[in-house]
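Everything on this sheet refers to the single structure shown next.
The values are calculated or read from the model by the stated rules, or taken from the named source; none is laboratory data. Quick caveat: nothing in here was measured; it's all calculated off a predicted structure. Cβ sites come from the backbone with ideal geometry, for glycine too, and all protein chains shown count toward neighbours. Just so you know, the surface numbers come from the protein's heavy atoms only, side chains and all, with ligands and any DNA or RNA stripped out. Shrake-Rupley method; radii C 1.70, N 1.55, O 1.52, S 1.80 Å.
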Amino acid sequence: MLKTLRRLVGDRQAGSGLEPATPADGETLFRTLIERIPDAAIVHVDGDVGYCNPAALQLLGVDRTDDVYGRPWVDFLDPADRPRFLEWTAAVLRGDVVPREEQRCRRSDGSTVPVEVTATAVEFGGKQAVLLLARDISARLRAQRRLEYTVAAMDVAPEPIVLIDRSTQKYIYVNHAQCQMVGYTHDEMMRMGPADVIVGFDATEFGRIYANLPIGGDEPLPADTVVRRLRRKDGSEFPVELSRALLQTEDGNVVIAVARDITERLRAEAESLRFRAAMEVAADAIFLLDRETLRFIDVNQRACDMLGMSREELLQMEPLELDVGVTRYQYEQLMDQAVARMPEPSPAGPDRYLRRKDGTIVPLAIRRTARVIDGRTVIVAIARDVTADRRAEEALRLRTRAVEASDNAIMIVDVRRAEHPIEYVNPAFERMTGYSPAEALGQNARFLHGDDIDQPDLLRLKETVLSGDEGRVVLRNYRKDGTLYWNQLTVSPVRDEAGIITHYVGISVDVSETVAHRHELEHRANHDVLTGLANRGLLEDRLKVALAAAHRYRRMLAVIFIDLDDFKVINDALGHAAGDVLLKAVAERLRFCVRGDDTVARQGGDEFILILTEQTSEESVMQVLNRVRDAVSVPVPIADRTVQVTASVGVALLHPGEHAAADELIRRADQAMYRAKASGRNQCAIWRAP
């Protein structure tokens, strides 16, 4: 080396036009260069150190050259490295080309320093020597060990990790987790780079970004973190969070990147945003509580408004500060019930009462459910202010009590269903009809009138319901025991929020006594009080109807006028009471002599009129007259005796095609009766036109 240095110096001087350098000049230049290099330089001659530069003294931890000169260099090596050193230097002196060697130098304090040593044969003091250049490689070995440890850890790490050559932009290492994440084999990945898996990869941007990444040393690697999308082997894409840093290497070109699949995190964040938005638009108050600390984690605006507090105020409080009348133990039990049923909501319990900021109390219906979020148990409590509900329930209870206590029968019918089933009846319904709720519910109300469907008000009721109106009808209904009662039914529709009729409410009043009284009045107005037969007014009405039917159907009609013979004598002799008994007996016998469609009327006193409809001939009329005369002549027991009377009968016939007014027919029958009476009583005469 000395010869080489001297030759280089000499050539340099010759080229510059200077005088050639002398050996003394070359020695000076050699020492100047050696003294300034950062590597330790040692000249080993005849087995001892003949020269060392300041860097060598620093490497060995000594201050003076006297501590080194004249001593074998192997004294400064680890004993295990000494045999190899001797072989190595002998090969150098033989002129062999030898590689660099790693050796361990022993310092004056006993510690060892790893060095990388190169050797060359030189001439020193006229002798063959070996020039050793030693470089401290402690830092490099530490970096290598760190890299080895890192690679070993990366191989088993659950996180996907890659090492990238920044200059070639290719992978130089990928771990198993990275292969699993993108679906490629290790061999496939080692032929790829970030451009093959990063969606929208930009090589220019890659170089610029990675040039600015922090470089890791002995301290934990600082990282640059970005979010990117990766493409799997099957073409699907997914988001990842990449943490990147430069590893400390000799050339500084290795980038380490750790990927984390954030698909679930982004989904959770999106779900959290949706949940947050849902919380804010929810009509109910929502509270999130930490089960362990029993403190609020979050609340929505509805909760703040309901309690009159800000969100910040509520998050500084415990629920127990708001809940009225509950102990911590009881509250923890409620929370544990929610946890035990997770993820199903716990059943709604009794109302809770919370105290507002102004001190007022609000009743709440609360449902709780539990979730595990980020490793902690969170109770979600959904609370609804039930103040209005409770007021409505109280009002409903009062109305229900009034309905239950009503003397009128009340039923509710569902008109949304085809059969219009009964959904509710009150106790008065059972008292009125004899049917229990179990027997009535589900049935159509028509079961109350059974087969008695020939009622005009039934049609009116149907029309009322179809038109959606209110209405009132009077129906003949029948109790469970079969007895008839008159039902005054008032119906009213019930509409939902959309105005659609869903139910009808029917209120029934038993008006049997009223109807009976009305019928009695009507009967008295149209019937004879003593005998119950039709009176003159009803007689005229029925005769008009009979005349119309006779004309329409061309049938014979007969009007028979009956006068009891010598009735006045009996009445005067036996008294009016006896006369009344006789009149009632005759009236009853006359009813049995005619058909149901015929009419028997009392004209007054002892006079009776019969209207015989649908007669076929005079002979059929005469058969009725004979029955009448026979029936009247049967003795009537009165008190302690029997009385027998006869009757004079006049008949007026209206043949098909003939016309006569009602009063005219009565007048004709009356005339015929007088002719019969004039003929000797107990006779029958038919009116003939003159």
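Overview of results
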| read-out | value |
| --- | --- |
| Lysine pairs meeting the criterion (Cα under 23 Å, 8 or more apart or interchain), as found in the chain | 5 |
| Gyration tensor verdict on segment 497-636 (Cα atoms; rounded if a/c is under 1.5, prolate if a/b is larger than b/c, oblate otherwise) | oblate |
| Reported label for calculated semi-axes √(5λ) of the Cα gyration tensor in Å given (1) 139, 28, 18; (2) 39, 30, 25; (3) 101, 84, 23 | (1) |
| Distance-filtered residues of segment 371-412 - backbone nitrogen under 20 Å, label point 7 angstrom along ALA278 Cα→Cβ | 371-385 |
| Debye-sum result for segment 344-401 in log10 I(q)/I(0), which assumes one identical scatterer on each alpha carbon, at q = 0.21 Å⁻¹ | -0.88 |
| Simple label model, 7 Å out from Cα along Cβ direction - VAL324 to LYS170, nm | 7.8 |
| For segment 389-456 and segment 280-343, distance of Cα centres in Å | 44 |
| Viscosity 1.567 mPa s, temperature 4 °C, Stokes-Einstein D of segment 447-507 from Kirkwood C-alpha radius, µm²/s | 103 |
| Cα coordinate range in segment 564-674, projected on the principal axes (Å, largest first) | 52, 22, 19 |
| Accessible-area ranking of ASP565, ASP630, ASP67, largest first, probe 1.4 Å | ASP630, ASP67, ASP565 |
| Summed side-chain charge close to MET190 - residues other than MET190 whose Cβ falls under 12 Å, Lys, Arg +1, Asp, Glu -1 | -2 |
| Where only alpha carbons of segment 94-205 are counted, the Rg and the Dmax (Å) | 22.4, 69 |
| Whole-Å distance, taken between Cα centres, linking segment 555-577 and segment 132-191 | 139 |
| Calculated P(r) of segment 270-356 - Cα pairs past 22 Å, % | 28 |
| Within segment 543-568: backbone nitrogen closer than 17 Å to the SER633 label point (7 Å, Cα to C-beta) | 562-567 |
| Where VAL326, VAL197 fall by accessible area, highest first, once all protein chains stay in place (1.4 Å) | VAL326, VAL197 |
| Rg to Rh, two decimals, where segment 611-682 supplies the alpha carbon set and Rh follows Kirkwood | 1.07 |
| Label-point gap, in nm, between VAL569 and ILE412 - each point 7 angstrom along Cα→Cβ | 7.7 |
| Rounded Å value of the spacing that divides the Cα centres of segment 612-666 and segment 508-533 | 28 |
| Estimated vicinal HN-Hα couplings, Hz - segment 156-164 in sequence order (Karplus 6.51, -1.76, 1.60; Gly, Pro = x) | 9, 5, x, 7, x, 9, 9, 10, 10 |
| Most to least accessible of MET190, MET411 (protein chains only, probe 1.4 Å) | MET190, MET411 |
| At 1.306 mPa s and 10 °C, Stokes diffusion of segment 496-578 via Kirkwood alpha-carbon radius, µm² per second | 87 |
| Spin-label pair LEU266/SER617, simplified geometry with 7 Å Cα→Cβ offset, distance in nm | 11.2 |
| Stokes-Einstein D (µm²/s) once Rh is taken as the Kirkwood radius of segment 383-433 over alpha-carbon pairs, at 37 °C in 0.692 mPa s | 255 |
